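The values are calculated or read from the model by the stated rules, or taken from the named source; none is laboratory data. In this text the structure is predicted, and so the values were computed from the model without any measurement. Reconstructed Cβ throughout: ideal geometry from the backbone, glycine too, with neighbour counts over all protein chains shown.
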Amino acid sequence: MLIKRQSDQLILPSEITPRELVESRRQFIRQIAIGAVGGAGLIDMASREAFAQGTGRRKLTATTNSNFVVMDNKTSYKDATTYNNYYEFGTSKSDPAQTAGSLKTSPWLVSIEGEVNKPQKLDLDSLMKIAPLEERIYRQRCVEGWSMVIPWIGFSLSNLIKKVEPNGNAKYVEFTTLADKAQMPGLSEDVLNWPYVEGLRMDEAMHPLALLTFGMYGEVLPNQNGAPLRIALPWKYGFKSAKSIVKIRFTSTQPKTAWNMAAPREYGFYSNVNPDVDHPRWSQAMERRIGEDGFFARKRKTLMFNGYSDVASLYSGMDLRKYF
Amino acid sequence: MTPTPKQQGLIKASLFILALLPVVRLFVAAFTDQLGANPLEFITRNTGDWTLYFLCITLAVTPLRRLFNLAWLLKLRRMLGLFGFFYAALHFLTFLWFDHFFDVAEMLKDVIKRPFILVGFVAFLLLLPLALTSTNKMIKRVGAKRWQLLHRLIYVIASLGVLHYFWMKAGKHDFAQPTLFGAIVAVLLLMRVFWAIQKRVREQRLVTNPS
């Protein structure tokens with residue numbers, strides 16, 4: 001099956017806010033600030049980007065796969081690395097950037113287990129060699145109603161799956177995040193059952209869009225973004241994209257995923273991005289794109305499957321209201 | 001030890017300035033890009049936090065007055081209550097602006113659909129008659145007894161405020177702070193219940209023992 005260019009047809013080029021307009025709006029706000037607060041503390045856009053370059057993180061070379069690049073503007077590195085949901089490091093959005101320094105990402109072993117012919121433990125270097133690293137620019141939509149656009153680095157999860165040879169009993173793939181009290185201060189809170197578990201149906205896991213992810217913005221993953229290894233599932237709500245993975249298990253039964261266990265009426269196993277199926281507490285029809293939809297722009301419409309209509313065939317015939 | 005009228009004036013003026021600091025800080029931080037990646041969420045949450053803080057502070061006036069015999073504290077209560085209303089109004093405004101871009105019809109649909117917003121909206125509506133009857137002229141017009149009854153609504157408003165916050169945080173399974181606020185409000189309200197019972201018991205004793 002040929003993969004269509006993922007630059008989604010639903011977003012017209014005319015709808016994309018021209019960068020100059022975004023910058024001029026920011027400039028406008030700054031000008032008001034000069035009047036309001038006497039010129040104190042202007043932050044220059046360029047210096048924010050310069051900040052990102054001095055991270056000292058290991059660079060990752062990857063070729064951009066143009067089949068998996070959206071036309072939306074990339075979220076700034078600063079926003080993507082300081083606004084995170086990673087409860088193992090605290091429930092506040094600013095917590096992970098501040099406390100995830102304690103995460104030890106090396107040495108790192110991922111245990112492949114369950115219904116496979118070749119169970120094994122793989123370290124990061126072995127994992128990274130399985131397929132060529134690609135850069136893909138994916139949308140990421142949080143269930144809370146905000147979204148970002150991230151240039152991830154990795155390869156299709158299917159490459160790993162083929163290597164370990166799941167047997168006939170393997171209907172699902174389960175991902176487990178590290179849960180080490182010594183490294184993760186948030187574990188002392190009972191907000192979720194630890195360790196954090198996520199999962200996919202086998203055909204979802206084999207879909208080319210499911211990305212085994214090692215980096216972002218040209219570098220290895222920052223700790224707060226799920227270092228050293230995570231998955232990126234752009235057509236599902238962000239909590240499905242498990243971080244800091246230590247175990248990948250192939251099972252015959254549906255995994256007991258963390259948020260589904262915590263609040264089954266609110267967070268389903270599939271959690272596909274769907275503007276027509278509301279969360280019990282808020283509508284999912286709109287979203288706020290971080291860094292863009294701000295004071296002077298309304299929120300934007302959420303797209304079915306976050307604009308990745310290619311996955312629709314996985315769910316044909318399924319009642320997506322029932323299997324939310 | 002009661003402060004002199006001049007000192008009370010100074011205390012009131014200082015409190016006024018302090019009470020404005022949260023909103024000033026929000027303005028400055030908004031325009032200098034210090035509110036993080038999602039400034040609108042921050043502003044909405046922060047104005048909500050300060051509404052709850054001021055509601056609790058206002059509710060604490062009478063208990064402090066009674067426990068420490070500081071009758072003059074009553075003179076601060078109106079200002080503190082109005083600041084609670086001020087931050088509530090800002091909080092509501094951020095919701096109407098950032099979430100619905102001033103589309104009142106859309107906002108009302110959201111209010112009806114989402115229980116935690118409905119509760120917050122009702123709490124805000126109930127604050128309006130309290131704010132409107134806060135002036136000396138209005139107190140005289142309404143009459144002391146009716147005014148006191150009307151302003152007991154603050155007990156309902158504070159409780160709805162805590163419920164609003166609790167239900168909002170429940171979606172992220174994050175109950176620590178709402179529970180804390182709930183405990184504080186509960187204590188502040190239970191003290192009044194205790195004193196009301198105490199008063200009734202005393203009055204009954206006087207009736208049965210007119211000596």
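Observations, loosely collected:
- Screening residue A:270 on (1) under 17 Å from the mean Cα position of the chain (by Cα); (2) closer than 27 Å to residue A:77 by Cβ shows it passes everything except condition (2).
- Of residues in the range A:269-291 being within 11 Å of chain B (Cβ to nearest Cβ) and assigned to a loop (DSSP other than H, G, I, E, B), the one surrounded by the most Cβ atoms within 10 Å (Cβ to Cβ): A:290
- Selected residue (criterion: nearest to the chain's Cα centre (by Cα)) from residues of the range A:78-118 that are among the β-branched types (Val, Ile, Thr) and within 14 Å of another protein chain (Cβ to nearest Cβ): A:81
- Within the range A:297-324, the residues that satisfy the criterion of being under 17 Å from residue A:285 (Cβ atoms), not aromatic (Phe, Trp, Tyr) and not assigned by TED's automatic domain parsing to the domain that holds residue A:148 are A:320, A:321.
- Of all residues making up the range A:302-321, the number that are aliphatic (A, V, I, L, M), in a helix (DSSP H, G or I) and touching a residue at least 12 places away in the same chain (Cβ under 8 Å): 3
- Condition check for residue B:102: within 14 Å of chain A (Cβ to nearest Cβ) and outside any helix (DSSP H, G or I): yes
- Complete set of residues in the range A:98-144 that are closer than 29 Å to residue A:83 by Cα and in a helix (DSSP H, G or I): A:98, A:99, A:100, A:101, A:102, A:124, A:125, A:127, A:128
- For the range B:112-159, a residue qualifies if it is within 14 Å of another protein chain (Cβ to nearest Cβ) and within 26 Å of residue B:184 (Cβ to Cβ), and the qualifying residues are B:114, B:115, B:116, B:117, B:118, B:119, B:120.
- Candidates B:19, B:60, B:13 - the one that is away from chain A (no Cβ under 14 Å), crowded, with 20+ Cβ neighbours inside 10 Å and either farther than 26 Å from residue B:162 by Cβ or within 15 Å of the chain's Cα centre (by Cα) (or both): B:19
- Hey, residue A:66 over 25 Å from residue A:174 (Cα atoms) and more than 14 Å from chain B (Cβ to nearest Cβ) or not: yes
- Residue list for the range A:213-235, filter: under 11 Å from the mean Cα position of the chain (by Cα) and in contact (Cβ under 8 Å) with a residue 40 or more places away in the chain: A:213, A:216, A:225, A:226, A:231, A:232, A:234, A:235
- Some residue of the range A:260-268 being of a type in the set (S, T, N, Q), away from chain B (no Cβ under 11 Å) and part of a loop (DSSP other than H, G, I, E, B): no
- Close Cβ contacts (under 6 Å, 6 or more residues apart or on different chains) running from residues in the range A:257-282 that are more than 16 Å from residue A:172 (Cα to Cα) to residues that are among the β-branched types (Val, Ile, Thr) comprise A:275/A:302.
- Meets criteria (within 14 Å of another protein chain (Cβ to nearest Cβ), basic (Lys, Arg) and surrounded by 14 or more Cβ atoms within 10 Å (Cβ to Cβ)) for residue B:109: no
- For residue B:35: the one exception among (1) assigned to a helix (DSSP H, G or I); (2) out of contact with any Leu (no Cβ under 7 Å at 6 or more places or on another chain): (1)
- If you go through the range B:1-19 and keep only what is in contact (Cβ under 8 Å) with a residue 12 or more places away in the chain and outside any loop (DSSP other than H, G, I, E, B), you end up with B:8, B:11, B:12, B:15, B:16, B:19.
- Residue in the range B:43-52 that is over 15 Å from the mean Cα position of the chain (by Cα), touching a residue at least 24 places away in the same chain (Cβ under 8 Å) and within 14 Å of chain A (Cβ to nearest Cβ) present: yes
- Residues satisfying the stated conditions in the range A:243-254, i.e. crowded, with 20+ Cβ neighbours inside 10 Å and part of a loop (DSSP other than H, G, I, E, B): A:243, A:244
- Test set (1) within 14 Å of chain A (Cβ to nearest Cβ); (2) exposed (fewer than 14 other Cβ atoms within 10 Å of the Cβ) - residue B:30 fails condition number: (2)
- Selection status of residue B:94, more than 14 Å from chain A (Cβ to nearest Cβ), among the polar types (S, T, N, Q) and either within 23 Å of residue A:296 (Cβ to Cβ) or in a helix (DSSP H, G or I) (or both): no
- Matching residues in the range B:167-178 - criterion: being out of contact with any Leu (no Cβ under 7 Å at 6 or more places or on another chain) and within 12 Å of chain A (Cβ to nearest Cβ): B:167, B:168, B:169, B:170, B:171, B:172, B:174, B:175, B:176, B:177
- Candidates B:75, B:6, filtered to the one that is exposed (fewer than 13 other Cβ atoms within 10 Å of the Cβ) and of a type in the set (Lys, Arg): B:6
- Residue B:25 vs. criteria within 21 Å of residue B:177 (Cα to Cα), surrounded by fewer than 19 Cβ atoms within 10 Å (Cβ to Cβ) and within 14 Å of chain A (Cβ to nearest Cβ): no
- Helices (runs of 4 or more DSSP H) fully within the range B:106-211 counting 1 or more residues that are under 17 Å from the mean Cα position of the chain (by Cα) and in contact (Cβ under 8 Å) with a residue 40 or more places away in the chain: B:115-132, B:153-170, B:176-208
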